[in-house]
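J.: What follows is a structure written as structure tokens; I'll ask about it next.
The values are calculated or read from the model by the stated rules, or taken from the named source; none is laboratory data. The model shown is predicted, which means the values in this text are computed figures rather than measured ones. Here the Cβ positions follow ideal geometry from the backbone for every residue, glycine too, while neighbour counts run over all protein chains shown. In case anyone asks, the SASA skips ligands and DNA or RNA and just uses the protein heavy atoms, side chains included. Shrake-Rupley method; radii C 1.70, N 1.55, O 1.52, S 1.80 Å.
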Amino acid sequence: MVKTATCAFRKASLLCRFMSEFASGKIRFPHSHLLGIEGLTSNVISLLLDCAENFVEHNRQTDNKLSSLSGRTIINLFFEESTRTRTSFELAAKQLGANVINMSVATSSVKKGETLIDTAMTLNAMHPDVLVVRHSESGAVKLLSEKVNCAVINAGDGRHEHPTQALLDALTIRRRKGHISGLLVAICGDIAHSRVARSNIHLLNAMGAQVRLIAPKTLIPSSIAKMGVEVFNNMEEGLQDCDIVMMLRLQSERMSSGFFPSIREYFHFFGLDYKKLANAKDDALIMHPGPMNRGVEIASEVADDLGRSAIREQVEMGVAVRMACLELLTAISTKGNGT
Amino acid sequence: MSRVAYVNARLLDPASGLDSPGTLLCDGELVSDFGPELFKDGVPEGTNVVDCKGFCLMPGLVDMRVQLREPGEEYKGTLESAGRTASAGGVTSMVCLPNTNPVIDDMSVLEFVARRARKLGLAKVHSYGAVTKGLEGKELAEIGLLWNSGALAFTDGIKPVSDARILGQALSYASNFGQMIIQHAEEPSLARGGVMNSGETATRLGLSGIPREAEIIMVERDIRLAEMTRGRLHFAHLSTSDSIDVVRKAKARGLNITCDTAPPYFALSEIAVGDYRTFAKLSPPLRTDSDRLAVIEGLKDGTIDTIASDHAPHDEESKRLPFANAAFGGVGLETLLAVTLELFHNGHLDLLSTLKLITSAPSELLGLKAGRLKKGSPADLTLIDINRGWKVDADAMQSISKNSPFDGRPVQGSVLMTIIDGRVVFEHKA
């Protein structure tokens with residue numbers, strides 16, 4: 001059923017059919033939270049992508065407001081600074097007619113955890129339908145999900161997972177390449193500290209792509225090959241014949257902690273420029289989760305190359321994917337016994 | 001004083017190798033006699049009789065590594081709570097780390113703990129003294145005076161003495177008094193920021209790792225320092241195959257190096273962290289399964305001298321946190337016996353060798369008189385059913401803090417009764 005849906009949803013008019021099948025229980029999202037990609041089957045991932053695909057077309061129309069989440073409350077709870085992801089979730093929720101509340105909780109370095117549980121309990125008492133949570137510590141969103149009885153979407157926890165980013169990347173790839181299975185995907189840069197990399201590894205593996213990681217050895221975490229990836233420490237070799245090149249953001253504070261000596265040196269060996277890109281396939285797609293550090297991990301000219309770069313499209317897919325997540329999660333959660 | 005005969009017991013004394021049916025007679029606070037022949041023709045008039053129903057009567061356990069939290073963090077644990085917890089676990093003597101607040105780097109704190117513990121009349125409490133003032137790793141604490149006041153050995157507790165020069169001086173100076181330095185071996189700059197064992201699980205969970213080498217490197221270095229200074233060195237809770245192997249080789253070279261481990265390191269592996277289970281956040285971190293098996297090998301071939309519970313109580317607020325923010329450590333007094341008995345039940349060691357690791361071995365290492373059956377010694381005993389199966393339930397524990405890494409684990413072997421100075425301080429309620 002999921003497969004037939006894939007092509008059908010190119011037409012926005014079929015959104016209604018999808019929704020009615022969904023409402024009638026023919027299509028069902030089998031989880032109460034979206035905490036990570038790990039553990040999701042390819043069928044479930046396809047379901048999310050199919051649903052999102054619909055919203056892409058729909059969002060491009062002028063009169064595009066929907067009402068499926070009318071009367072529902074979504075709380076964006078961000079313990080870590082974010083503009084892009086939070087805005088994307090906010091827009092997604094509003095497109096579906098939900099009430100949205102944004103909460104940015106300043107993290108005091110000492111009492112982070114207390115704030116987390118206390119805030120979760122307080123917000124839970126207000127009976128939201130979905131909590132969208134970002135936190136600087138791995139596992140924090142799961143911990144919070146255990147204390148509330150509404151659906152929880154992980155908008156990024158530490159260096160663990162960022163599932164909606166992986167989904168929007170997958171949707172971008174699927175629309176550009178027509179499929180994910182069989183593609184050779186290189187993820188390049190600060191793998192060690194990246195939740196985007198981890199979610200993408202899980203998703204791409206589940207969907208049958210082949211994943212390569214390219215980074216200096218200091219930014220490759222221990223035993224990562226066991227997650228089903230091939231590791232390269234040289235851009236030219238790693239990019240050979242790749243269909244997709246995913247760049248990761250490099251945080252400059254990594255330099256002071258000895259992961260690499262200088263930005264100049266990093267860009268020389270691991271920054272994506274046309275010369276290195278020439279090793280990939282001619283039609284290789286360039287992606288970046290943003291925000292970019294131009295001249296650090298990616299050259300401006302490459303990032304802005306509309307023929308090759310899907311970076312802006314990724315942002316558009318972000319809204320559609322988050323609409324799909326909200327839609328599917330709220331369909332099974334009813335207030336009070338969501339978990 | 002009253003005389004109590006514990007009849008129909010299976011008497012176990014790991015130190016002497018005794019394992020036989022028999023009777024043990026307590027006269028007041030002391031063991032006055034025991035053996036298979038005692039009162040064979042009936043217990044004399046005026047002696048109270050306790051029927052052991054064939055269960056094992058043995059010396060109370062000696063736990064050489066517990067954190068007491070009093071003074072300073074009474075909301076996590078008190079001497080009284082630790083005393084009751086120990087009694088429930090069959091522990092009659094325990095040695096506490098100096099990481100209280102104030103630190104046990106001064107005679108007055110040492111004496112405070114001793115006085116409070118004596119008053120409670122529960123498990124006997126001994127203390128280690130700090131190696132360095134304030135456990136800061138900079139200046140030596142008053143090792144000689146602390147020794148005079150009864151400190152059993154010297155350690156900076158859950159922190160390593162990381163400065164090689166200071167450790168060398170501590171080893172050298174403490175040997176003036178024949179005293180031992182106990183090291184938590186973890187190279188701090190390698191372990192910095194880490195919250196669990198480095199490897200696949202840490203990578204998958206997105207948690208910072210502590211490499212095994214942090215322990216191995218420090219054990220290697222410290223053995224050299226002990227050799228250089230001719231000091232007496234003991235490593236606490238070893239957790240990796242390589243560090244155990246380094247100790248094995250040092251012992252083979254004739255060096256007076258000893259070490260212990262704790263039940264989590266031979267019963268659990270990093271898999272227990274699962275989905276961010278903070279009760280499995282320990283220091284040193286739980287390692288791989290091959291390390292776990294190497295710890296068992298170390299216990300079998302005698303490289304590892306003793307087992308300690310590594311009891312580290314933490315309140316809920318210190319554990320109900322994102323994994324990286326949660327405190328290190330787990331409670332262990334109540335599971336020490338049952339988890340250690342897995343070595344026997346799984347066929348790794350015979351019963352007496354297993355029990356020796358938690359009775360006479362630590363006692364001898366620290367120069368205590370406890371941990372063996374001896375006429376004229378204090379009647380610190382425990383009666384155990386080595387076969388009874390039960391399930392560890394953190395909520396049902398005596399301890400104020402419930403952070404057991406073994407919560408939910410089915411175990412075999414339980415404490416039926418604990419006796420201290422002839423008084424029954426714990427009885428299992430069926």
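J.: Which one of these does A:LEU306 not meet: (1) modelled with pLDDT under 95; (2) open to solvent by 50 Å² or more (accessible area, probe 1.4 Å); (3) in contact with a Pro (Cβ under 9 Å, 6 or more places away or on another chain)?
T.: Result: A:LEU306 fails condition (3) only.
J.: Identify all residues within segment A:3-55 that are within 14 Å of chain B (Cβ to nearest Cβ), out of contact with any strand residue (DSSP E or B) (no Cβ under 6 Å at 6 or more places or on another chain), at pLDDT 95 or above and open to solvent by 10 Å² or more (accessible area, probe 1.4 Å); write none if there are none.
T.: A:GLU38 - this is the single residue of segment A:3-55 that is within 14 Å of chain B (Cβ to nearest Cβ), out of contact with any strand residue (DSSP E or B) (no Cβ under 6 Å at 6 or more places or on another chain), at pLDDT 95 or above and open to solvent by 10 Å² or more (accessible area, probe 1.4 Å).
J.: Please give the number of the condition B:SER269 fails out of (1) in contact with a Ser or Thr (Cβ under 8 Å, 6 or more places away or on another chain); (2) at pLDDT below 95; (3) of a type outside the set (Val, Ile, Thr).
T.: It is condition (2) that B:SER269 fails.
J.: I'd like the residue in segment B:113-147 that is touching a residue at least 40 places away in the same chain (Cβ under 8 Å) and part of a helix (DSSP H, G or I) and, out of all such residues, is nearest to B:THR418 (Cα to Cα).
T.: Across segment B:113-147, the extreme among qualifying residues is B:LEU120.
J.: Does B:THR261 count as under 20 Å from B:ASP156 (Cα atoms), more than 22 Å from the chain's Cα centre (by Cα), open to solvent by less than 40 Å² (accessible area, probe 1.4 Å) and more than 13 Å from chain A (Cβ to nearest Cβ)?
T.: In short, no.
J.: Determine whether segment B:200-219 contains at least one residue that is away from chain A (no Cβ under 14 Å) and surrounded by fewer than 21 Cβ atoms within 10 Å (Cβ to Cβ).
T.: Scanning segment B:200-219, I find at least one residue that is away from chain A (no Cβ under 14 Å) and surrounded by fewer than 21 Cβ atoms within 10 Å (Cβ to Cβ), so the answer is yes.
J.: So which of A:VAL315, A:VAL296 is open to solvent by less than 70 Å² (accessible area, probe 1.4 Å) and within 28 Å of A:THR164 (Cβ to Cβ)?
T.: Among A:VAL315, A:VAL296, only A:VAL296 is open to solvent by less than 70 Å² (accessible area, probe 1.4 Å) and within 28 Å of A:THR164 (Cβ to Cβ).
J.: Also: Here is a list: B:GLY193, B:GLY178. Which entry is over 15 Å from B:ALA236 (Cβ atoms) and either touching a Phe, Trp or Tyr at 6+ places or on another chain (Cβ under 9 Å) or outside the structural domain of B:ARG230 (by TED's automatic domain parsing) (or both)?
T.: Result: B:GLY178 is the single residue among B:GLY193, B:GLY178 that is over 15 Å from B:ALA236 (Cβ atoms) and either touching a Phe, Trp or Tyr at 6+ places or on another chain (Cβ under 9 Å) or outside the structural domain of B:ARG230 (by TED's automatic domain parsing) (or both).
J.: Out of B:LEU341, B:LEU368, report the one residue that is open to solvent by 20 Å² or more (accessible area, probe 1.4 Å) and either farther than 30 Å from A:LYS142 by Cα or part of a loop (DSSP other than H, G, I, E, B) (or both).
T.: B:LEU368
J.: Being within 14 Å of another protein chain (Cβ to nearest Cβ), surrounded by fewer than 16 Cβ atoms within 10 Å (Cβ to Cβ) and assigned to a loop (DSSP other than H, G, I, E, B) is the filter here; which residues of segment A:224-276 pass it?
T.: A:GLY228, A:SER257, A:GLY258
J.: Taking the criterion of being within 11 Å of chain B (Cβ to nearest Cβ) and at pLDDT 95 or above, would at least one residue in segment A:172-186 satisfy it?
T.: no
J.: Run A:LEU204 past the list (1) more than 23 Å from A:ASP273 (Cα to Cα); (2) within 14 Å of chain B (Cβ to nearest Cβ); (3) under 15 Å from the mean Cα position of the chain (by Cα) and report the number of the one that doesn't hold.
T.: Among (1) more than 23 Å from A:ASP273 (Cα to Cα); (2) within 14 Å of chain B (Cβ to nearest Cβ); (3) under 15 Å from the mean Cα position of the chain (by Cα), the lone unmet condition for A:LEU204 is (2).
J.: Just the residues that are open to solvent by 10 Å² or more (accessible area, probe 1.4 Å) and part of a loop (DSSP other than H, G, I, E, B), please, taken from segment A:210-222.
T.: Matches in segment A:210-222: A:PRO216, A:ILE220, A:PRO221, A:SER222.
J.: Right, next: Of all residues in segment A:277-293, count the ones that are open to solvent by 20 Å² or more (accessible area, probe 1.4 Å), over 17 Å from A:ARG195 (Cα atoms) and not basic (Lys, Arg).
T.: 5
Okay, residues lined up against (1) under 27 Å from B:ILE386 (Cα atoms); (2) in a loop (DSSP other than H, G, I, E, B); (3) open to solvent by 50 Å² or more (accessible area, probe 1.4 Å); (4) touching a His at 6+ places or on another chain (Cβ under 8 Å):
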position: B:SER16; (1), (2), (3), (4): yes, yes, yes, no
position: B:ALA86; (1), (2), (3), (4): yes, no, no, no
position: B:THR100; (1), (2), (3), (4): no, yes, no, no
position: B:SER108; (1), (2), (3), (4): no, no, yes, no
position: B:GLU111; (1), (2), (3), (4): no, no, yes, no
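J.: Okay, moving on. Run down B:LEU97, B:LEU120, B:LEU110 and say which single residue is of a type in the set (A, V, I, L, M), within 18 Å of the chain's Cα centre (by Cα), under 21 Å from B:PRO313 (Cβ atoms) and not assigned by TED's automatic domain parsing to the domain that holds B:GLY28.
T.: Exactly one residue qualifies, and that residue is B:LEU97.
J.: While we're looking at this one, here's another question. Is it the case, given these coordinates, that B:GLY72 is assigned by TED's automatic domain parsing to the domain that holds B:LEU120, out of contact with any helix residue (DSSP H, G or I) (no Cβ under 9 Å at 6 or more places or on another chain) and open to solvent by less than 50 Å² (accessible area, probe 1.4 Å)?
T.: It is true that B:GLY72 is assigned by TED's automatic domain parsing to the domain that holds B:LEU120, out of contact with any helix residue (DSSP H, G or I) (no Cβ under 9 Å at 6 or more places or on another chain) and open to solvent by less than 50 Å² (accessible area, probe 1.4 Å).
J.: Would you point out the residue of segment A:112-137, among those that are without any contact (Cβ under 8 Å) to a residue 40 or more places away in the chain and of a type in the set (S, T, N, Q), that is nearest to the other protein chains (Cβ to nearest Cβ)?
T.: Residue satisfying both the conditions and the ranking: A:THR115.
J.: Take A:LYS147 and tell me if it is at the interface with another protein chain (Cβ under 10 Å from one of its Cβ atoms) and either free of Cβ contacts under 8 Å to residues at least 12 places away in the same chain or crowded, with 22+ Cβ neighbours inside 10 Å (or both).
T.: Here the answer is no, as A:LYS147 does not meet what is asked.
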